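Working notes, beginning with the structure itself.
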Amino acid sequence: MSQYMIDNRPAPIDWELKGETARAVQNAKNLIMLRMGELPFGRLRGIDQSLFDLPEVELKARLMAEVDMALMWEPDAEAVSADCKILPGGAALVEAVIEIGIEEGR
């Protein structure tokens, strides 16, 4: 199993990705970029934005469970760790290390 670092920085979708592993990583990134309630028929997908109003200690304590829940829609990805930084201007940068459970070469 391979580990990858993903974050919630906006990035275009690469529609021509080759390989199941690359697609799983992109899907996981897309899931943590989503705000809960943003997807019309999947209102529970994504990260609950109210977390970012919490004090930093509580935010970091609850973030891993939130990232885990967001990634349940990508069965080949599992969160290993998650961290968050509040950037100047108030935006939240979520960074997560994920493990992809696909055999290499697929």
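Determine, yes or no, whether Arg106 is touching a helix residue (DSSP H, G or I) at 6+ places or on another chain (Cβ under 9 Å), in a loop (DSSP other than H, G, I, E, B) and at pLDDT below 95. Reasoning before the result, please.
Working: touching a helix residue (DSSP H, G or I) at 6+ places or on another chain (Cβ under 9 Å): yes; in a loop (DSSP other than H, G, I, E, B): yes; at pLDDT below 95: yes.
Yes; evaluated as a whole, the condition is true for this residue.
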Checklist line | Single unsatisfied condition, Ile6 versus (1) closer than 23 Å to Pro88 by Cβ; (2) within 10 Å of the chain's Cα centre (by Cα); (3) part of a helix (DSSP H, G or I) | finding: (3)
Next item on the list: Just give me the residues in segment 16-30 being assigned to a loop (DSSP other than H, G, I, E, B) and not aliphatic (A, V, I, L, M), in sequence order.
Entry: Glu16, Lys18, Gly19
Checklist line | Selection from segment 71-97 of residues that are touching a residue at least 12 places away in the same chain (Cβ under 8 Å) and either touching a Lys or Arg at 6+ places or on another chain (Cβ under 7 Å) or within 15 Å of Arg9 (Cβ to Cβ) (or both) | finding: Trp73, Ala82, Asp83, Cys84, Ile86, Ala92, Leu93, Val94, Glu95, Ala96
Next item on the list: Could you list all residues from segment 1-30 that are surrounded by 15 or more Cβ atoms within 10 Å (Cβ to Cβ), closer than 15 Å to Glu99 by Cβ and either touching a helix residue (DSSP H, G or I) at 6+ places or on another chain (Cβ under 7 Å) or hydroxyl-bearing (Ser, Thr, Tyr) (or both)?
Entry: Tyr4, Ile6, Thr21, Ala28
Notebook entry, point to check: Of the residues Ile47, Ile32, Ile86, which is more than 13 Å from Ile6 (Cα to Cα), of a type in the set (Val, Ile, Thr) and under 15 Å from the mean Cα position of the chain (by Cα)?
Noted result: Ile47
Check: Going by the structure shown, is Gly37 on the phi > 0 side of the Ramachandran plot and either touching a helix residue (DSSP H, G or I) at 6+ places or on another chain (Cβ under 7 Å) or assigned to a loop (DSSP other than H, G, I, E, B) (or both)?
Finding: yes
Margin query: What are the pairs with Cβ atoms under 7 angstrom where one residue, in segment 1-22, is acidic (Asp, Glu) and the other, located anywhere, is surrounded by 10 or more Cβ atoms within 10 Å (Cβ to Cβ) and in a strand (DSSP E or B)? Sequence gap at least six, or different chains.
Written below: Asp7/Leu93; Asp7/Val94; Asp7/Glu95
Margin query: Quick check on segment 40-54: of everything there that is part of a helix (DSSP H, G or I) and of a type in the set (A, V, I, L, M, F, W, C), which residue is surrounded by the most Cβ atoms within 10 Å (Cβ to Cβ)?
Written below: Leu51
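Out of Ala61, Ala92, which single residue is in contact with a strand residue (DSSP E or B) (Cβ under 8 Å, 6 or more places away or on another chain) and of a type in the set (Gly, Ala, Ser)? Quick ask: steps written out before the conclusion?
On the way: Ala61 fails: in contact with a strand residue (DSSP E or B) (Cβ under 8 Å, 6 or more places away or on another chain).
One residue alone meets the criteria, Ala92.
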Next item on the list: Any chance you could count how many residues in segment 66-80 are of a type in the set (D, E, K, R) and either buried (at least 19 other Cβ atoms within 10 Å of the Cβ) or in a loop (DSSP other than H, G, I, E, B) (or both)?
Entry: 3
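The values are calculated or read from the model by the stated rules, or taken from the named source; none is laboratory data. Quantities reported herein were computed from a predicted structural model and do not represent experimental measurements. Using ideal geometry, Cβ is built from the backbone for each residue, glycine included, and neighbour counts are taken over all protein chains shown.
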